[in-house]
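Worksheet: one structure, shown below.
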Amino acid sequence: MDAEVLAYYGRLVEETLTVPLCITWVEDLPATDVLAAAGRREDGVGSRTYAETVQAAYDAIPVHAGAALAGPLGEWTVLVEPNGFQGSRPDVLTGLSRRGRALSVFWNANGDGQLVYAEHGRLLTVLDLFDPEELEELEELPPALSAWAELAEQDDPRVAGLALGEAVTHRRLDARWLAGEHLSAILDASQDTVDTLAADQDRIDHLAYLAGDPRVADLIADPAPGRIREVAALIAETACELTGLDVPLARRVMTSLAQTPGPAVLAELRDEVRHLSEDLLTQYPGADAPPSTIERWHAPFRALKVLEAALGDDAKTAAQDAIWRIGTLRLGDHGGRRVGSLMGVLEKMSAPT
């Protein structure tokens, strides 16, 4: 990869793209359609620069899911989501790729990131942006991502992801584009977020929920820092329940998390979860399959990502990442209340004494 390209995106990350981001390149689809797929609110559409969209995103949270900017870059449309991730969701990206190709890269403040690629409505690649060793376990990449084998070795995965975007699109995302005004929109909160927020507003229903979820109630009553792994275990269990993931490996993960596993056990289980995710990825039913079939395939894949996050070496970071990952699932009332409660528990566990 050209050193000038890497140096350029290194400066852009250090000077301009300084917040958690999701950037999605979409071929042959107008900005209005791209924003619609990301969940735009009709009453929040206007023209904004990147800096204005960053401010709009933080102003919108937590009532809304944030804000996004979308504009043309040659024959491509670029979607920029400060502190967001909608474009990186495989179900969203497959829709965005219906006329061609779509690539999405995101990273957050916790060192979590993902690279997702689709062509003509077919998901081809899902990679951990911060795990170059994952490439060694893949037989091959789609031809469009051939540059990633080299880029994944870069010190800053954010720079690598942006450089890959240029390699795929042959277009540079530069400071002038970011400084210009493009179509921007406030994004609707997902139903999961709505459910979580409602838990605090409806005390009676929430107390009734706690009566039926005694393990969460016990953590609320005794949020000792040494119990953080229990939070991750409950998040992992919830992901399995929501998606119907019922395999021996999942049960081993939850059992192990409840017993304060050591680094070697965590590493071994993470490897097994990753291998199972890769096996599942090869079973993608295809773009022509009914939406219900695709969703049945995709749900356990997302649950495995929650399990992998819950197995992180650092207990607090693992619980945080598992909570973030489960936010991509449809939580419903029970799941939303449980996750919202566990978020509060983790905050108390992490508070200075």
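In table form, for the structure just shown:
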{"item": "Spans of helices (runs of 4 or more DSSP H) in the range 211-327 with at least 3 residues charged (D, E, K, R)", "result": "228-243, 263-281, 291-310, 315-326"}
{"item": "Of all residues in the range 141-157 being of a type in the set (D, E, K, R) and out of contact with any helix residue (DSSP H, G or I) (no Cβ under 7 Å at 6 or more places or on another chain), the one that is surrounded by the most Cβ atoms within 10 Å (Cβ to Cβ)", "result": "150"}
{"item": "Residue 89 being charged (D, E, K, R) and closer than 16 Å to residue 328 by Cβ", "result": "yes"}
{"item": "Exclusive hit being over 30 Å from residue 8 (Cα atoms) and either buried (at least 21 other Cβ atoms within 10 Å of the Cβ) or at pLDDT below 90 (or both), set 227, 251, 215", "result": "215"}
{"item": "Qualifying residue in the range 289-312 (condition: exposed (fewer than 13 other Cβ atoms within 10 Å of the Cβ) and either touching a helix residue (DSSP H, G or I) at 6+ places or on another chain (Cβ under 7 Å) or at pLDDT 85 or above (or both))", "result": "no"}
{"item": "Strands (runs of 3 or more DSSP E) lying entirely in the range 19-136 (those with 1 or more residues that are at positive phi and surrounded by 16 or more Cβ atoms within 10 Å (Cβ to Cβ))", "result": "66-73"}
{"item": "Test for residue 269: is it crowded, with 16+ Cβ neighbours inside 10 Å, farther than 30 Å from residue 120 by Cβ and touching a residue at least 60 places away in the same chain (Cβ under 8 Å)", "result": "no"}
{"item": "Hits in the range 164-180 - residues which are at pLDDT 95 or above and either in contact with a Lys or Arg (Cβ under 6 Å, 6 or more places away or on another chain) or in a loop (DSSP other than H, G, I, E, B) (or both)", "result": "166, 170, 171, 172, 173, 180"}
{"item": "Residue satisfying condition, being more than 22 Å from residue 175 (Cα to Cα), among the aliphatic types (A, V, I, L, M) and in contact (Cβ under 8 Å) with a residue 40 or more places away in the chain, within set 29, 6", "result": "29"}
{"item": "The range 236-256, residues that are hydrophobic (A, V, I, L, M, F, W, C) and under 15 Å from residue 332 (Cβ atoms)", "result": "239, 240, 242"}
{"item": "Filtered residues of the range 328-345 (kept if surrounded by fewer than 21 Cβ atoms within 10 Å (Cβ to Cβ), of a type outside the set (Gly, Ala, Ser) and part of a helix (DSSP H, G or I))", "result": "333, 334, 343"}
{"item": "Scope the range 22-55; condition aliphatic (A, V, I, L, M), modelled with pLDDT of 90 or more and either over 17 Å from residue 96 (Cβ atoms) or outside the structural domain of residue 95 (by TED's automatic domain parsing) (or both); matching residues", "result": "51, 54"}
{"item": "First in the range 62-74 and in contact (Cβ under 8 Å) with a residue 12 or more places away in the chain, second anywhere and in a strand (DSSP E or B) and among the polar types (S, T, N, Q), Cβ under 8 Å, 6 or more apart", "result": "67/184; 68/184; 69/184; 70/77; 70/184; 71/77"}
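The values are calculated or read from the model by the stated rules, or taken from the named source; none is laboratory data. As the structure is a prediction and not an experimental result, all values here were calculated from the model. Because the Cβ atoms are built from the backbone with ideal geometry, glycine has one as well, and the counts that use them run over all protein chains shown.
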